[in-house]
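The values are calculated or read from the model by the stated rules, or taken from the named source; none is laboratory data. Being a predicted model, the structure only gives us computed values, none of them experimental. Quick reminder, even Gly has a Cβ in these numbers, built from the backbone with ideal geometry, and neighbours come from all protein chains shown.
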Amino acid sequence: MSRRTLACAVAVVAVLGTATACKSADTTGSSGSTPAATSTHDSKADGGSRTVPDFVGMGLQSAQDAAQAAGFHRLTSHDSLGRARMQILDRDWKVCAQNVAAGTVRATDAELDFGAVKLDETCPAHDQAASPAAGGTMPDFRGKSVKAARQALDSGTSITVDDATGASRFVLIESNWQVCTQKPAAGTKLTGRPVALDAVKYGESCP
């Protein structure tokens with residue numbers, strides 16, 4: 001066999017080999033042998049649904065532990081007296097109310113909100129959650145804490161707070177003071193106007 005004939009034969013073999021490899025790759029792709037994409041959703045990740053226990057009367061820390069044991073992990077709490085106090089030490093608070101009634105079936109990713117008071121306090125007849133945002137109308141803050149009033153108003157609102165007894169005491173811990181009078185009156189359009197509150201300490205009577 002001449003060198004020219006040998007070279008041609010080698011070239012033909014190389015071309016055929018390449019064509020076979022390409023065909024093999026195409027066949028693999030078109031035959032569906034590559035696993036199809038599957039959904040990454042796992043029903044177990046949802047945690048399913050559970051029956052909400054009765055937490056009223058429990059210590060706040062114990063209630064939170066029981067909720068987690070029942071499968072609920074989105075937990076929050078608020079001052080049931082409407083004073084906007086933070087529950088810093090959960091063991092010092094007890095549960096007065098819960099946003100989802102006991103015995104109700106809820107998804108485990110549902111949020112459970114506990115209304116609580118301090119251990120030496122009495123639960124109110126009606127739970128008082130945080131005041132909604134005032135928007136453009138002045139709410140009625142009488143009887144609510146100065147802190148709750150401030151939280152409900154726009155952060156840019158100019159607010160002055162005075163001791164309603166005339167003793168000129170400083171209002172340092174606003175959650176310990178309740179509003180007696182307010183200007184402007186409830187229902188008034190705010191439109192950026194300043195707000196004035198007169199307050200006394202909880203346990204004191206408004207003059």
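Taken over region 28-56, the residue count meeting the criterion of being in a helix (DSSP H, G or I) and either modelled with pLDDT of 50 or more or under 30 Å from L89 (Cα atoms) (or both) is 1.
Among residues of region 186-207 that are under 16 Å from F141 (Cβ atoms) and among the charged types (D, E, K, R), those with a Cβ under 6 angstrom from a residue that is in a loop (DSSP other than H, G, I, E, B) and modelled with pLDDT of 95 or more, sequence gap 6+ or separate chain, pair up as D198/A164.
Could you tell me how many of the residues in region 70-86 are closer than 24 Å to K147 by Cβ and either in contact with a helix residue (DSSP H, G or I) (Cβ under 7 Å, 6 or more places away or on another chain) or basic (K, R) (or both)?
Of all residues in region 70-86, those closer than 24 Å to K147 by Cβ come to 75-86.
The next check asks that each one be either in contact with a helix residue (DSSP H, G or I) (Cβ under 7 Å, 6 or more places away or on another chain) or basic (K, R) (or both); those that pass are 75, 77, 82-85.
Total meeting the criteria: 6.
Can you tell me which residues in region 57-69 are out of contact with any helix residue (DSSP H, G or I) (no Cβ under 8 Å at 6 or more places or on another chain) and either crowded, with 16+ Cβ neighbours inside 10 Å or in a helix (DSSP H, G or I) (or both)? Listed by number, the residues that qualify are S62, A63, D65, A66, A67, Q68, A69.
Which is assigned to a strand (DSSP E or B), among the polar types (S, T, N, Q) and surrounded by fewer than 18 Cβ atoms within 10 Å (Cβ to Cβ), of T165, T160, T191? Lay out the reasoning, then the answer.
Numbers: T165 fails: assigned to a strand (DSSP E or B); T191 fails: assigned to a strand (DSSP E or B).
Of T165, T160, T191, the one residue that is assigned to a strand (DSSP E or B), among the polar types (S, T, N, Q) and surrounded by fewer than 18 Cβ atoms within 10 Å (Cβ to Cβ) is T160.
Being more than 30 Å from G48 (Cα to Cα), touching a residue at least 24 places away in the same chain (Cβ under 8 Å), buried (at least 19 other Cβ atoms within 10 Å of the Cβ) and not assigned by TED's automatic domain parsing to the domain that holds T160 is a description that does not apply to G136.
Filter region 87-132 for residues that are in contact (Cβ under 8 Å) with a residue 60 or more places away in the chain and assigned to a loop (DSSP other than H, G, I, E, B); which is nearest to A148 (Cα to Cα)? Spell out the reasoning first.
Taking region 87-132 and keeping what is in contact (Cβ under 8 Å) with a residue 60 or more places away in the chain, we get 107-109, 112, 119.
Subset that is assigned to a loop (DSSP other than H, G, I, E, B): 108-109, 119.
Numbers: T108: 30, D109: 28, L119: 21 Å.
If we take residues in region 87-132 being in contact (Cβ under 8 Å) with a residue 60 or more places away in the chain and assigned to a loop (DSSP other than H, G, I, E, B), then L119 is nearest to A148 (Cα to Cα).
Within the option set A133, A152, A125, being among the small types (G, A, S), under 13 Å from A84 (Cβ atoms) and either out of contact with any Lys or Arg (no Cβ under 6 Å at 6 or more places or on another chain) or modelled with pLDDT of 95 or more (or both) holds for one residue only, A152. Whenever a residue of region 49-70 is under 12 Å from A102 (Cα atoms), it has no partner that is at pLDDT below 95 and not polar (S, T, N, Q) lying with C-beta atoms less than 8 angstrom away and at least six residues away or across chains. Note on region 70-82: among residues that are modelled with pLDDT of 95 or more and in a loop (DSSP other than H, G, I, E, B), the one that is farthest from the chain's Cα centre (by Cα) is A70. Taking K144 as the residue in question, decide whether it is within 18 Å of V179 (Cα to Cα), of a type outside the set (A, V, I, L, M) and buried (at least 16 other Cβ atoms within 10 Å of the Cβ). For K144, the condition - within 18 Å of V179 (Cα to Cα), of a type outside the set (A, V, I, L, M) and buried (at least 16 other Cβ atoms within 10 Å of the Cβ) - is met.
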